[in-house]
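Step one of this worksheet: look at the structure below.
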Amino acid sequence: ATAGGASGGDGGFVPDLAVDNVPYHTTADQLREHFSQFGTVTRVSLATSDRSGAFLGCALVRMATFAEAVRASDMHGKVIGGEEVVVGVLDPELNIVSILDSGIVLQEASRGGGVSEGAGMAVAGSGGVSEGA
């Protein structure tokens, strides 16, 4: 199972961008502000712990169009709150890969923390997803 997406305003598929290594104190509104420089952010979903409700440091961001999602992928390697974030899309194995070349793995799913089955970001797992509309 992979991360979701939606039909963009132009009728094309718009993938959710996986954003990892986000500082734990970051809010959905702050992520929306960072990504809005690339276009219209239609949804921000923060991964949270089922037990504590705490933010797990990874999120899904959906842009209005595929072109905006491609531009927003330029956030990969940029610093948010003192941390260099990983930005891409999820492949079937839940690796974060480049939006333009899915053969380029930006982060392995097997690494500790971040976007993984246990985080509940892309598949049912022990974590949950909190959406910031």
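Taking 0.36 nm per residue of sequence separation and subtracting the Cα-Cα distance, how much length would be gained by fully extending the chain between Ser49 and Gln30, in nm to one decimal? Each step should come with its number before you reach the end.
Details: separation 19, 0.36 × 19 = 6.84 nm, distance 1.95 nm.
Going from the current span to full extension adds 4.9 nm.
Counting only protein heavy atoms and a 1.4 Å probe, tell me what percentage of the stretch 17-119's accessible area is made up of carbon and sulfur. Don't jump to the answer; show the numbers that get you there.
On the way: 2330 of 4890 Å².
The value for the stretch 17-119 is 48 percent carbon and sulfur by accessible area.
Quick check for you: with a 1.4 Å probe and neighbouring chains kept, what is the accessible area per residue of the stretch 16-90, in Å²?
Averaged over the residues of the stretch 16-90, the accessible area is 44 Å².
With a ≥ b ≥ c the root eigenvalues of the C-alpha gyration tensor of the stretch 16-90, is it rounded (a/c under 1.5), prolate (a/b larger than b/c) or oblate?
Judged from the Cα gyration tensor, the stretch 16-90 comes out prolate (a/c at least 1.5, a/b above b/c).
Normalised by the residues of the stretch 16-90, what does the relative contact order come to in percent, with Cα pairs under 8 Å and at least six apart?
43
The values are calculated or read from the model by the stated rules, or taken from the named source; none is laboratory data. Computed from a predicted model, the values in this text were never measured in an experiment. Only protein heavy atoms, including side chains, enter the accessible area calculation; ligands, DNA and RNA are left aside. Shrake-Rupley method; radii C 1.70, N 1.55, O 1.52, S 1.80 Å.
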